[in-house]
Amino acid sequence: MEVTIYPIKRAARRYPAAFWGSVGFLAVLLTLALLAAYLTPYPADASGQMHFEQKLLPPSLRHLFGTDSIGRDIFTLVIYGARLSLISAFGVVGVALLLGVPLGLIAGYKGGFTENVIMRVCDAFLAFPPLLLPIIFTAALGPSLKNAIIAVAVSWFPWYVRILRAQVLAVKQAPYITASRAMGISSLRILYNHVLPNSFAPVLVQATLDMGYAILTVAGLSFIGFGARPPAIEWGLMITSSRATFLDFWWTAFFPGLALFLTVFAFNLSGEGLRNILNTGDVL
Amino acid sequence: MGVAYFIRRFFWSLFVIFAVALVAFVLVRVLPGDPIAAWVGDHPTQEQIDRARSELGYDQPVYIQAVKYFSRLMRGDLGVSLRTRRPVWDEIRRRFAATFELTTFAMLITLLLGAPIGLAAANHPGHWLSRTEKALSLTGVAIPIFWLGMLLQMYFSGSLNWLPLQGQRALPKPDKIYSGLLLLDTLFNGEFDKFADALQHILMPALTLVAATFGIITRTVRNAAAQTLNQDYIRTAHAYGIRRRTVLYVYVLKNILIPLITVSGLVYGYLLGGTFLVERVFDWPGLGQLAVLSILTDDLPAVTGVALVYAVVYTFINYVLDVIYAGVDPRLRKSA
Amino acid sequence: MTQTLLTVEHLTVSAGQTPLLQNLSFTLKKKETLGLVGESGSGKSMTAWSLLGLLPPGVFVQSGKIIFKGDDLRRFSQAQWRVLRGKGLAMIFQNPQTAFNPLFTVGKQMDNAIAAHFDETKKTRRERAMFYLRQAELSDSGRILKSYPFQLSGGMLQRVSIALALSLEPELLIADEPTTALDATIQFQILNLLQKLQKQFKTAMLVISHHFGVVSKLCTQIAVMYNGRIVEAGLKSDVLNQPLHPYTRALLASRPVNLLSGQTLKTIPGTPPAAGTVTDGCAFAPRCSQRFELCDKAVPPELISNNRRVACFLKPKYDAEKITD
């Protein structure tokens, strides 16, 4: 969108390291994930190859991150694991946006009873401690990565409802809106021309930050056994599998977790950087 | 306005709990696992199945089940666990103290460490403390809790052998139970060996929780303090010749209490959420472990019970914080 | 024999490279009242903050002297400042609502300030506070002490400010735009109060305002500021009736008083320079109707005679003429 290109150029001069570093990292990760079959040293390991004779080897030049308890190259597994994590990120945020944005627009615009009902429901959702709702939902739907993504998305969409509603309210009260309506411009156009562009920024920032947290939450669910299940390759799952071996063979737990950490960290830095660029504070 | 506000908040809290119970009721019916099968075990006869069904109440129409469910809830009866055949409430009661102790201990550390550091960082921008704090808080929120826990285990338990790997205690229970909280009870009893043991066991899980939430507190305090320091009334306080320390520790402190209290509720929620993961890693005998266990064994009454307890605790804590908040900010209490 | 309370000599205050106050000099004797008049950006508030040593971060005294009761304030340590602020010099602020901490009662804040300077018991401090509140015409002093700032109106809060400042028994009271943030009707009351109290407690007073009316009501001397300098100063009657500097004359002429319908308001063409502007010549020259070549070349020096000061190259000319307007 034109309105955001210019500030990004300005930002490139002001926030070089952190922002671009993290964006770069994510780009690299995305590439690796997409082209995993071509870029990893032992792609066969990702489809269940077992090499018992190579099990639990420490990191070396041949196996950058070492091997796990059935001899698979952990570096390869970590790269493949990025796929599911990135899918989780986009899945959760995508579904949450799909649910949250329209509801927020409706709530802010219609006002009155509709708004009240929607906001109360959102408050009820947000009254649960985090992770409890996703756990309950995953339990209800059955443990699988897909269900974990849906569960987390359904638990989180109320945040977006809030953001959008706040945006609508802020715009609604602006004098130029009264002027527009006095000139007879329809509500729909106002929503489209004013509310959506103004909401773009805070939603984008929140979404970027949420991608990181989505990955963390889904990995957490996989860790307890409610998310991805074997033979899927997922970072949280890898960590939980390593519980038998991690005390004596540290690399089996270390690298998947490191990957999680760096990815989430990168999303956070990007989100914070975006926030600085677009110069928005929290809109709640 | 004052009292009306609290009554309104109270009823809202009740409503939330009701909503949670309803959601739990609905979800539990939707769970694919078959509660009957969990009750009767393998190879049941038809007669056993029918008996189980009527015992558990699944032969009634849904709305009657709902009514029974809520009326039992009112009486505090959470049903019988399918896994252990014992009342859910018993199990919850035993484990509640463990989780509560862990989360409260972590919360205290987070506040006691985080607030002063945030204050110091606001007072001396650019200082190494301020930059370290920034780095730490950014890191803390991005770290997977369960991974951090395992890293701590690897290092402090595996390598250094300073702390025990898992569990809440290695020594027997304290002789007399006062609060249900291990640390307090062992202290009251004067059983210092058991106290040390309990402390050693709680340290790693608590620190794991602290690491994840520490950054939120320091960042909130730092931002609030920086903002407060910019206010006119701080400048006028200096203009009247009030001591710097008074200004800082009396004025600024009270002014940052409000955002701090607000964020503490959020932080406690994260801590509660974190217990599912941390209790797993450290084999901590708390509610989180119970929740996971119950779900994996399709123990519906237990799942409902635990979910309810979590929601009640969280709501209650937020309510208490609201009360404290009103105590701090007079604008909420008086009719303005 | 009144002694000199405050002497400011060639004070220059800068924010980095830009000077906010340039070569400022004035003196104030005990029980005297001086008004500083100027538009935004003229540096008048900055003067007040320099006197208290509370310049914002990045702003510092570059050169000059501030001497209060014989002490050079530039050499003051934090501890010495703490004792001086409030007791020697007390300030009343422009916006009473933001001057108080919203979370504490007004009484607690007064008590904190009093306790910082007087070693009195709680009871005595309270009596002191209540006494001065009554002097400020707030009769229900007990209730006021228990009130929170948001419960009091702007006018009442300003009275509390005044009471607070006076309760510290300062020798010099600085009033920074004391009525600007208040309603018109209240402004008059507060001005009357200040006038009465100044006479009663015989405090020296420095009044800062953009309004001639305020300054002329409260002060016996007036100094006009422009672009960080004093361009004219003298006794109130002299400055108001026989302004020497073109800026002063233009300011006075632009007041909307005694106008007949149909008359156009006189304004000063152009806009005042932003704070910190450095010029080769007289800062007012671009807007002056009487400028000539010299005005753009050099900053006019201050010419002083008989307690009258003016910084304008036209001064010698005026000596030769009689000013009737």
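The values are calculated or read from the model by the stated rules, or taken from the named source; none is laboratory data. All values reported here derive from a predicted model rather than from experimental measurement. Cβ atoms come from the backbone with ideal geometry, glycine included; neighbour counts cover every protein chain shown. Side chains are part of the model used for accessible areas, which takes the heavy atoms of the whole protein and leaves out ligands, DNA and RNA. Shrake-Rupley method; radii C 1.70, N 1.55, O 1.52, S 1.80 Å.
Restricting to the range A:42-72, and then to whatever is among the hydroxyl-bearing types (S, T, Y) and open to solvent by 10 Å² or more (accessible area, probe 1.4 Å), can you tell me which residue is modelled with the lowest pLDDT? Before you say what the answer is, go through the steps one by one.
The initial filter retains those residues of the range A:42-72 that are among the hydroxyl-bearing types (S, T, Y), namely A:42, A:47, A:60, A:67, A:69.
Of the ones still in play, those that are also open to solvent by 10 Å² or more (accessible area, probe 1.4 Å) are A:42, A:47, A:60, A:69.
Numbers: A:Y42: 79, A:S47: 76, A:S60: 83, A:S69: 84.
Residue satisfying both the conditions and the ranking: A:S47.
Condition check: at pLDDT below 85 and touching a Ser or Thr at 6+ places or on another chain (Cβ under 7 Å). Does B:D185 satisfy that?
Details: at pLDDT below 85: yes; touching a Ser or Thr at 6+ places or on another chain (Cβ under 7 Å): yes.
Taking the combined requirement at face value, the residue satisfies it.
Of all residues in the range C:92-110, those that are part of a helix (DSSP H, G or I) and either buried (at least 19 other Cβ atoms within 10 Å of the Cβ) or facing chain B (nearest Cβ under 8 Å) (or both) total 7.
Residues in the range B:295-325 that are more than 12 Å from the chain's Cα centre (by Cα), facing chain A (nearest Cβ under 9 Å) and small (G, A, S): B:A307 alone. Residues of the range A:119-158 that are open to solvent by less than 30 Å² (accessible area, probe 1.4 Å), within 26 Å of A:P202 (Cα to Cα) and β-branched (V, I, T): A:I149, A:V152. Scanning the range C:59-91 for residues being farther than 30 Å from B:D329 by Cα, free of Cβ contacts under 8 Å to residues at least 60 places away in the same chain and part of a helix (DSSP H, G or I) gives a total of 9.
Every listed requirement among (1) free of Cβ contacts under 8 Å to residues at least 24 places away in the same chain; (2) more than 9 Å from chain B (Cβ to nearest Cβ); (3) among the basic types (K, R); (4) within 25 Å of B:N318 (Cα to Cα) is met by A:K110 save one, (4).
Could you list all residues from the range C:8-57 that are outside any strand (DSSP E or B) and of a type in the set (K, R)? Hits for the range C:8-57 are C:K30, C:K31, C:K44.
So is B:G158 within 14 Å of chain A (Cβ to nearest Cβ) and either closer than 17 Å to A:L269 by Cβ or not in a helix (DSSP H, G or I) (or both) or not? No: the conditions fail for B:G158. Can B:L257 be described as assigned to a helix (DSSP H, G or I), open to solvent by less than 40 Å² (accessible area, probe 1.4 Å) and farther than 30 Å from C:L89 by Cβ? No: the conditions fail for B:L257. Taking the condition more than 8 Å from chain B (Cβ to nearest Cβ), in a loop (DSSP other than H, G, I, E, B), in contact (Cβ under 8 Å) with a residue 24 or more places away in the chain and not charged (D, E, K, R), does A:F249 pass? Criteria met by A:F249. For C:C295, the conditions (1) closer than 20 Å to C:T33 by Cα; (2) open to solvent by less than 30 Å² (accessible area, probe 1.4 Å); (3) in a helix (DSSP H, G or I) all hold with the exception of (1). Can you confirm whether the range B:221-242 contains a residue that is under 17 Å from B:S130 (Cα atoms), in contact with a Pro (Cβ under 6 Å, 6 or more places away or on another chain) and away from every other protein chain (no Cβ under 11 Å)? Checked the range B:221-242: at least one residue is under 17 Å from B:S130 (Cα atoms), in contact with a Pro (Cβ under 6 Å, 6 or more places away or on another chain) and away from every other protein chain (no Cβ under 11 Å). So if I check each of C:T248, C:T179, which one is in contact with a helix residue (DSSP H, G or I) (Cβ under 6 Å, 6 or more places away or on another chain), open to solvent by less than 10 Å² (accessible area, probe 1.4 Å) and polar (S, T, N, Q)? After ruling out the rest, the residue left standing is C:T179. Just so you know, in the range A:252-265 the residues that are open to solvent by 20 Å² or more (accessible area, probe 1.4 Å) and at the interface with chain B (Cβ under 7 Å from one of its Cβ atoms) include one that is nearest to A:F75 (Cα to Cα), and it is A:F261.
Quick one: would you say B:G286 is at pLDDT below 90, open to solvent by less than 10 Å² (accessible area, probe 1.4 Å) and under 17 Å from the mean Cα position of the chain (by Cα)?
Details: at pLDDT below 90: no; open to solvent by less than 10 Å² (accessible area, probe 1.4 Å): yes; under 17 Å from the mean Cα position of the chain (by Cα): yes.
So B:G286 fails the test.
Residue count for the range A:73-111 under the criterion of being among the small types (G, A, S) and either open to solvent by 20 Å² or more (accessible area, probe 1.4 Å) or in contact with a Lys or Arg (Cβ under 9 Å, 6 or more places away or on another chain) (or both): the result is 7.
Scanning the range C:146-171 for residues that are among the hydroxyl-bearing types (S, T, Y) and outside any helix (DSSP H, G or I), we see that the one that is farthest from the other protein chains (Cβ to nearest Cβ) is C:S153. Output the residues belonging to the range A:17-76 that are over 28 Å from the mean Cα position of the chain (by Cα) and within 19 Å of A:A266 (Cβ to Cβ). Within the range A:17-76, no residue meets the criteria.
Could you say whether any residue in the range A:159-171 is touching a His at 6+ places or on another chain (Cβ under 8 Å), in a helix (DSSP H, G or I) and either at pLDDT 75 or above or surrounded by 12 or more Cβ atoms within 10 Å (Cβ to Cβ) (or both)? Yes, there is a match, as at least one residue in the range A:159-171 is touching a His at 6+ places or on another chain (Cβ under 8 Å), in a helix (DSSP H, G or I) and either at pLDDT 75 or above or surrounded by 12 or more Cβ atoms within 10 Å (Cβ to Cβ) (or both). Working carefully through the options A:L204, A:L216, find the one that is part of a helix (DSSP H, G or I) and within 12 Å of chain B (Cβ to nearest Cβ). Being part of a helix (DSSP H, G or I) and within 12 Å of chain B (Cβ to nearest Cβ) holds for just one of A:L204, A:L216, which is A:L216.
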